[in-house]
Structures are given as C-alpha cells and as structure tokens.
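> Sending over a structure as structure tokens; questions will come in a sec.
What follows is calculated from the coordinates using simple rules that are stated; it is not laboratory data. Not measured: the values here are computed from a predicted model. All Cβ positions, even for glycine, are placed from backbone atoms using ideal geometry, and neighbour counts span all protein chains on display.
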Amino acid sequence: MDRSKLEGLRVEAQPAARHERGFSMLELIVVVAVMGIIFAIALPQFLTYYGSASAAAGVQEMRTALYRAKQLAVTLRQSVCVTVTGGAPPTYQFRLGGCGGPVWVGDGTDAAGNFALQNGVALSNGGASPIFTPLATASQAGTLTVTGHNGAARVVTVTPSGRITTP
C-alpha cells in the first residue's frame with residue numbers, strides 16, 4: 001500500500017469526539033428544577049386520589065363481605081350478624097344465630113374468625129350491627145363506615161329489606 005494512503009487513513013480514524021458537546025451544568029439545573037416543580041404540583045393531587053381510592057376500594061370490599069354474609073345466612077338457614085371488632089387494623093366477624101352467637105370460621109378468616117380489609121383502611125360500626133336472615137332480609141339494619149388513608153369516610157348501609165347500599 002502507498003504511504004500517502006496510510007496517512008490518510010490515520011487522519012480519518014481519529015475520533016470526532018472533540019467536536020461533540022454535552023449538556024452544560026445550567027441546562028441540567030433547569031431540567032431538575034422543572035421536574036421538581038411538576039412533582040410539587042402533582043404530589044398533593046396524587047395523595048388526595050390515593051386516599052379516596054383506598055376508601056372506595058375498602059367500601060367495595062365491605063359490600064362484597066356483606067353480600068357474602070347474606071349468602072351465608074341463606075345457605076346455613078340461620079341468621080348471620082356482621083360485627084366490627086377492635087384492633088389495628090380493625091377487623092370484622094360473621095356471628096351465627098345473631099350478634100351474640102358463635103363466630104363463623106371459614107375461607108378468608110384467621111383462626112379466631114376475623115376478616116381484615118386488604119388495603120388497611122379503618123372500619124367502624126355506625127350503630128347497630130347488620131343481621132341477615134335466612135330469607136335474605138335484615139332483621140336488624142346497620143351501617144358500617146370505611147375511612148381511607150386521608151380521612152375520607154364512606155358509609156355502607158344495610159336496609160331492613162337486606163339491600164346493601166353506598167351513597
């Protein structure tokens with residue numbers, strides 16, 4: 001090969017990185033500042049959404065539990081009371097024959113017959129505990145209050161006809 005051709009190859013083989021430019025410190029600071037502002041605006045909205053979404057999920061889970069208690073009363077042909085128990089987080093139980101009867105232990109309960117809401121929301125009884133009859137009605141109406149992580153409370157009501165509602 002000719003020596004002039006080799007010298008030409010050497011010149012072309014040198015990296016062109018000297019002419020490339022990266023981000024300056026000022027550009028990086030501006031990008032981080034803009035991201036911080038967006039985060040500061042979005043965080044309160046996300047926390048509000050998370051609290052209300054956790055309360056909504058807890059209400060749906062409690063409605064499902066009440067429907068299960070209603071179905072259990074029909075299947076076992078005896079009254080089933082849904083009682084809220086203490087503890088952290090609060091749990092609830094199904095009691096057979098009424099609110100003073102034995103605790104039902106089955107799928108989804110611990111050894112003592114306690115159910116817990118999955119997303120860690122608070123649960124309280126708004127008065128009388130609902131009691132479902134074998135005819136799928138309620139011999140005793142009641143309300144249960146589910147409180148989300150941000151304090152948003154939603155109520156689940158059992159009417160005397162056995163209807164389960166959430167406003």
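> Which distance in nm do the two modelled labels at residue 111 and residue 33 give, with both placed 7 Å along the Cα-to-Cβ direction?
Simple spin-label model gives 6.1 nm for this pair.
> Further question on the same structure: Using the Karplus curve 6.51 cos²θ - 1.76 cosθ + 1.60 with θ = phi - 60°, work out ³J(HN,Hα) for each residue of the range 152-164 in order, rounded to whole Hz, and write x for Gly and Pro.
Karplus-based 3J(HN,Hα) across the range 152-164 equals 5, 10, 10, 10, 10, 10, 10, 8, x, 6, x, 6, 10 Hz.
> Take every Cα-Cα distance within the range 27-165, group them into 5 Å bins from 0 onward, and report for each bin the whole-number percent of pairs it holds.
All Cα pairs, binned at 5 Å, distribute as 2, 11, 18, 19, 15, 10, 6, 4, 4, 3, 3, 2, 2, 1, 0 percent.
> Output the peptides 31-39, 143-151 sorted from most to least packed, where packing is the average of other Cβ atoms within 10 Å over each peptide's residues.
My ranking of the peptides, most packed first, is 143-151, 31-39.
> Another question, if that's okay. With point charges of +1 on the Cβ of Lys and Arg and -1 on the Cβ of Asp and Glu, referenced to the Cα centre of the range 27-165, which listed residue (42, 99, 78) lies farthest in the positive direction of the dipole?
78
> Using 0.36 nm times the number of residues separating residue 166 and residue 24, minus their current alpha carbon distance, what extension gain do you get?
Length gained, residue 166 through residue 24: 45.5 nm.
> How much mean residue ellipticity at 222 nm does the chain get from its helices, if each DSSP H run of length 4 or more adds -39500 (n - 2.57) and you divide by all residues, to the nearest 500 deg cm²/dmol?
On the way: 2 runs with 63 residues, N = 167.
Only helices count here, giving -13500 deg cm²/dmol.
> Averaging sequence separations of C-alpha pairs under 8 Å and six or more residues apart, then dividing by the length of the chain, give the relative contact order as a whole percent.
Once normalised by length, the contact order is 21 percent.
> Alpha carbons only, please: Rg and Dmax for the range 104-167, in angstrom.
Computed over the Cα atoms of the range 104-167, radius of gyration and Dmax are 13.2, 38 Å.
> How far is helix 25-76 tilted, in degrees, relative to the longest principal axis of the Cα atoms in the chain, given as a value from 0 to 90 rounded to the nearest 10?
Here the helix axis deviates by roughly 20 degrees.
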